[in-house]
Amino acid sequence: MFNMNFAESIIVDTANLEWQQSPMAGVDRKPLAREQAERGHATSIVRYAAGSVFRPHPHPLGEEILVLSGIFSDEMGEFPAGTYFRNPPGTSHAPHSASGCVLFVKLHQFLEHDLNQIEVSVEAIRHPNWRGVQHLYEFEGENVFVCSLNANEALPHVIKSSEPIELFIIEGQCEYDSVSMGKHSWLRTPYFNKGAFNITSPVIFWVKQGHFSVDFTSNL
């Protein structure tokens, strides 16, 4: 178990992490948070080599994927770079990639009754010159969206300060609380300070709010 204390602010620069081999040859991972070795809550960057296949497996509490590069495939079809999709609790699949791909993956983090299966094209990845905020998903307070902003641009109102947040840099550079965050850096904090977030170059990032909370009074 690591990075599972949601009361702590965490920034991970994945450029400094080594790829770790998964149980399947050709599929490697950079874990960001994990509850157990091969089950339970997990957030990772996953890399499929060309021609690699992962064994069929279920997702009791869902799977959320953002395709960062290449083409990811399973029984439902092919998902090119710039695809965001959610497989709800109780689904299963046998993923593979003919040409190789890199993914941002979140496992076992759905509400049991969140049964929506969706697929969304992310404009900022498909069209790099696109700027703005794209809403991807909302369910019972959980909000997921992608922002594409210019250097020194203020964060949009949709991002709420003083609340828990999870943020993943797709492209570009920014700083949070004076810590540099480059491509594929990951932030999770129980108390987001918008004033501490600075965009130092054009940036594209995935962001989620409303999916966890922390009771800071429980230990008082």
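The values are calculated or read from the model by the stated rules, or taken from the named source; none is laboratory data. Note that the structure is a prediction, hence the values are computed from the model and not measured. Quick reminder, even Gly has a Cβ in these numbers, built from the backbone with ideal geometry, and neighbours come from all protein chains shown.
Yes or no, residue by residue, for (1) hydrophobic (A, V, I, L, M, F, W, C); (2) in a loop (DSSP other than H, G, I, E, B); (3) loosely packed, with under 15 Cβ neighbours inside 10 Å:
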{"position": "ILE11", "(1), (2), (3)": "yes, no, no"}
{"position": "ALA15", "(1), (2), (3)": "yes, no, yes"}
{"position": "LEU32", "(1), (2), (3)": "yes, no, no"}
{"position": "GLY40", "(1), (2), (3)": "no, yes, no"}
{"position": "THR43", "(1), (2), (3)": "no, no, no"}
{"position": "GLU64", "(1), (2), (3)": "no, no, no"}
{"position": "ARG86", "(1), (2), (3)": "no, no, no"}
{"position": "GLU112", "(1), (2), (3)": "no, yes, yes"}
{"position": "LEU115", "(1), (2), (3)": "yes, yes, yes"}
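Only one residue in HIS211, HIS157 is more than 22 Å from VAL105 (Cβ to Cβ) and in a loop (DSSP other than H, G, I, E, B), so which one is that? Full working, then the answer.
On the way: HIS211 fails: more than 22 Å from VAL105 (Cβ to Cβ).
Matching residue, one of HIS211, HIS157: HIS157.
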*Looking at (1) at pLDDT 95 or above; (2) surrounded by 15 or more Cβ atoms within 10 Å (Cβ to Cβ); (3) under 15 Å from the mean Cα position of the chain (by Cα), which is the only condition SER97 fails?*
(3)
*If ASN150 satisfies every condition in (1) exposed (fewer than 13 other Cβ atoms within 10 Å of the Cβ); (2) modelled with pLDDT under 95 but one, which is the exception?*
(2)
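Go over the candidates GLU138, GLU78 one by one and state the one that is touching a strand residue (DSSP E or B) at 6+ places or on another chain (Cβ under 6 Å) and free of Cβ contacts under 8 Å to residues at least 12 places away in the same chain. Full working, then the answer.
On the way: GLU138 fails: touching a strand residue (DSSP E or B) at 6+ places or on another chain (Cβ under 6 Å).
Testing whether each residue is touching a strand residue (DSSP E or B) at 6+ places or on another chain (Cβ under 6 Å) and free of Cβ contacts under 8 Å to residues at least 12 places away in the same chain leaves just GLU78.
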_Name the residue that is farthest from GLU166 (Cα to Cα), counting only residues in the range 117-141 that are charged (D, E, K, R) and either assigned to a loop (DSSP other than H, G, I, E, B) or touching a Leu at 6+ places or on another chain (Cβ under 8 Å) (or both)._
ARG131
*If you scan the range 167-185, which residues turn out to be assigned to a strand (DSSP E or B) and more than 17 Å from LEU149 (Cα to Cα)?*
VAL179
*asked:* Among the residues of the range 17-30, what is the count of those that are surrounded by 12 or more Cβ atoms within 10 Å (Cβ to Cβ) and among the polar types (S, T, N, Q)?
replied: 1
_Looking only at the range 45-56, count every residue that is loosely packed, with under 15 Cβ neighbours inside 10 Å and either under 14 Å from VAL122 (Cβ atoms) or not hydrophobic (A, V, I, L, M, F, W, C) (or both) and tell me the total._
3
*Quickly run through the range 170-216 and pick out the residues that are at positive phi and either of a type in the set (D, E, K, R) or touching a residue at least 40 places away in the same chain (Cβ under 8 Å) (or both).*
ASP177, HIS184, GLY210
_Please count how many residues of the range 45-62 are outside any strand (DSSP E or B), over 22 Å from ALA98 (Cβ atoms) and touching a strand residue (DSSP E or B) at 6+ places or on another chain (Cβ under 7 Å)._
1
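To keep it simple, each residue is scored yes or no on (1) β-branched (Val, Ile, Thr); (2) at pLDDT 95 or above; (3) out of contact with any Asp or Glu (no Cβ under 9 Å at 6 or more places or on another chain).
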{"position": "GLY132", "(1), (2), (3)": "no, yes, no"}
{"position": "VAL158", "(1), (2), (3)": "yes, no, yes"}
{"position": "GLU163", "(1), (2), (3)": "no, no, yes"}
{"position": "LEU167", "(1), (2), (3)": "no, yes, yes"}
